[in-house]
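Report on the structure given below.
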Amino acid sequence: MVNDPLADALNVIRTHEIAGKSECTIDPASKLVREVLLIFQRKGYLGDVEFVDNGTSGTFKLQLVGKINSCGVIKPRFAVKKTDWNKWEQRYIPSRDFGMLIVSTPKGLMTNAEAKEKNTGGRLIAYVY
């Protein structure tokens with residue numbers, strides 16, 4: 001049994017990127033993993049994201065583009081006020097405009113830049129750069 005599907009998914013992506021592979025498979029699939037992968041794809045870190053229904057929870061087939069240096073989940077899921085974004089960006093991202101944080105807000109899952117734009121806080125979920 002998997003305790004944290006998102007952590008396992010990001011670990012698979014990171015290890016396949018380090019090994020220079022062009023695709024990988026994420027198993028099991030979940031709504032949170034899907035939303036995070038779609039944000040990665042929208043920002044250009046991943047190529048095609050395809051859901052494969054295998055009768056149980058399903059899997060994701062990903063096309064890797066080689067842009068991910070590191071990614072992972074943030075535990076514990078720290079609460080971030082809308083005025084504290086700079087502190088958390090300095091802690092998890094190596095430099096300004098290089099990488100992003102994934103945040104769960106009352107308005108849905110989004111990046112730290114979108115959360116700053118919408119002037120909202122939330123809980124940190126993951127990082128990528």
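What follows is calculated from the coordinates using simple rules that are stated; it is not laboratory data. Source: prediction; values computed, not measured. So basically every Cβ, Gly included, is an ideal-geometry build from the backbone, and we count neighbours across all protein chains shown.
Residue farthest toward the positive end of the dipole of the chain, with Cβ of Lys/Arg at +1 and Asp/Glu at -1: which of Ile39, Ile18, Gly121?
Projecting each Cα onto the dipole axis, the largest value belongs to Gly121.
Can you tell me the relative contact order of the chain? Whole percent, Cα pairs under 8 Å, sequence separation 6 or more.
On the way: 219 pairs, mean separation 30.5, N = 129.
For the chain, the relative contact order is 24 percent.
Using +1 on the beta carbon of Lys and Arg, -1 on that of Asp and Glu, and nothing else charged, what's the dipole of the chain about the Cα centre, debye to 20? Provide the component values of the computation, followed by the final result.
On the way: 19 positive and 14 negative charges, 130 e Å.
The dipole magnitude comes to about 620 debye.
Which aspartates and glutamates have a Cα lying under 16 Å from the Cα of Lys116, excluding residues fewer than 8 positions away in the same chain?
Asp84, Glu89, Asp97
Let me check against my output: what whole-number percent is the relative contact order of the range 5-64, with C-alpha pairs under 8 Å and at least 6 apart?
Values: 80 pairs, mean separation 22.1, N = 60.
Rounded, it is 37 percent for the range 5-64.
Quick one: plug the Kirkwood hydrodynamic radius of the chain (C-alpha pairs) into Stokes-Einstein at 20 °C, 1.002 mPa s, and report D in µm²/s.
Numbers: Rh = 15.0 Å.
My calculation gives 143 µm²/s for D.
The range 89-129: which trypsin sites (Lys or Arg not before Pro) are DSSP loop and have at most 10 other beta-carbon atoms within 10 angstrom?
Values: sites: Arg91, Arg96, Lys107, Lys116, Lys118, Arg123; in loops: Arg96, Lys107, Lys118.
When the trypsin sites (Lys or Arg not before Pro) of the range 89-129 are filtered for loop state and at most 10 Cβ neighbours within 10 Å, Arg96 remain.
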